[in-house]
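Down below is the structure, laid out as structure tokens.
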Amino acid sequence: MASKTKSAEGKYKLVVYDTFEGEFYSQKEYKTKEEALKSAKDKLKELERLQPSSHSGGQDYIGIQDRVFIQYPDGRMIRIKPE
């Protein structure tokens, strides 16, 4: 499970929730929120390619596509959704 505590050196983490496994896992850490947000959007595009909404239900409430979050340095996690 991804750490819900502060990141080392105040970094932002890209965190993915695997809906099949029911677990969070960290992807990478970033110095800025902007870098983490760009990476999160790229991850959503990758998930759409690997787990198409037409088969997974996408990011909707009942969809089973993996979820993408940014974990702030203070431990808060914010879900990132497609635009």
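For the reader, a short list of remarks on this structure follows.
- Within the range 61-80, the residues that satisfy the criterion of being part of a loop (DSSP other than H, G, I, E, B), in contact with a helix residue (DSSP H, G or I) (Cβ under 8 Å, 6 or more places away or on another chain) and not aromatic (Phe, Trp, Tyr) are Gly63, Ile64, Gln65, Asp66, Pro73.
- Per-region count, the range 32-54, residues loosely packed, with under 12 Cβ neighbours inside 10 Å and polar (S, T, N, Q): 2
- The range 4-59: number of residues that are part of a helix (DSSP H, G or I), closer than 20 Å to Pro82 by Cβ and acidic (Asp, Glu): 5
- Single unsatisfied condition, Phe69 versus (1) surrounded by fewer than 18 Cβ atoms within 10 Å (Cβ to Cβ); (2) hydrophobic (A, V, I, L, M, F, W, C); (3) at pLDDT 95 or above: (1)
- The single residue among Tyr30, Tyr61, Tyr12 that is modelled with pLDDT under 95 and of a type in the set (Ser, Thr, Tyr) turns out to be Tyr61.
- Residue that is surrounded by the most Cβ atoms within 10 Å (Cβ to Cβ) [pool: residues in the range 16-31 that are among the hydroxyl-bearing types (Ser, Thr, Tyr) and under 18 Å from Asp60 (Cα atoms)]: Tyr17
The values are calculated or read from the model by the stated rules, or taken from the named source; none is laboratory data. Bear in mind that the values here come from a model prediction, so they are computed numbers and not experimental data. Reconstructed Cβ throughout: ideal geometry from the backbone, glycine too, with neighbour counts over all protein chains shown.
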